[in-house]
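In what follows, a single structure is set out as structure tokens and then discussed.
The values are calculated or read from the model by the stated rules, or taken from the named source; none is laboratory data. The model shown is predicted, which means the values in this text are computed figures rather than measured ones. Neighbour counts are summed over all protein chains in view; Cβ atoms, including those assigned to glycine, are modelled from backbone coordinates with ideal geometry.
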Amino acid sequence: MAYAEGDKGRGRESYHHGNLREALIEAALRLIAEHGPAGFSFAQAARAAGVSAAAPYRHFRDLQALIAEIARRGYERFADDLAAAWGDGRPDPLTALDRCGAAYLGFARRNPAFYAAMFEPGFALQADPALLAASDRAFGVLRRA
């Protein structure tokens, strides 16, 4: 927690979070793991990140936008895992497809909060173009496989 020079006793309004966007994402991931994507409020995410209820609005329009960002990041990681597992169908398509299945399940086990945000967000993917593109990329790997 950092304060601007000379602000050390002036109270919470002088508080400056080093990387609020990432802190909110990390806090929301913990809350998703505990309560699911629909199990907490934007204010709870702010509290978990150690900031005021108004602070998240500097980076996200609402809770849906925060969860969409988490889901987008999850889909990007998921797509990378699937693409690596597919390996252009080498040494043979059946073996590569089997690796894709293992990568899918492995991602879900290793990243339950990302997985929940991706598949239980409580809103349509079309609501966020970047999220839809990331989802399409991940499922594009599966379609090719």
Residue satisfying condition, being touching a Gly at 6+ places or on another chain (Cβ under 7 Å), assigned to a helix (DSSP H, G or I) and either modelled with pLDDT under 95 or of a type outside the set (S, T, N, Q) (or both), within set A108, A116, A103, A133: A116
Could you list, in sequence order, all residues of region 86-145 that are among the hydrophobic types (A, V, I, L, M, F, W, C), more than 15 Å from Y75 (Cβ to Cβ) and loosely packed, with under 13 Cβ neighbours inside 10 Å? L94, A102, L105
Positions within region 43-67 being farther than 16 Å from F123 by Cβ, free of Cβ contacts under 8 Å to residues at least 40 places away in the same chain and outside any helix (DSSP H, G or I), in sequence order: V51, A53, A54, H59
Could you pull out the residue among R90, R21 that is charged (D, E, K, R) and touching a His at 6+ places or on another chain (Cβ under 7 Å)? R21
Residues of region 28-42 being of a type outside the set (K, R) and either within 14 Å of N111 (Cβ to Cβ) or not in a helix (DSSP H, G or I) (or both), in sequence order, are A28, L29, I32, A33, G36, P37, A38, G39, F40, S41
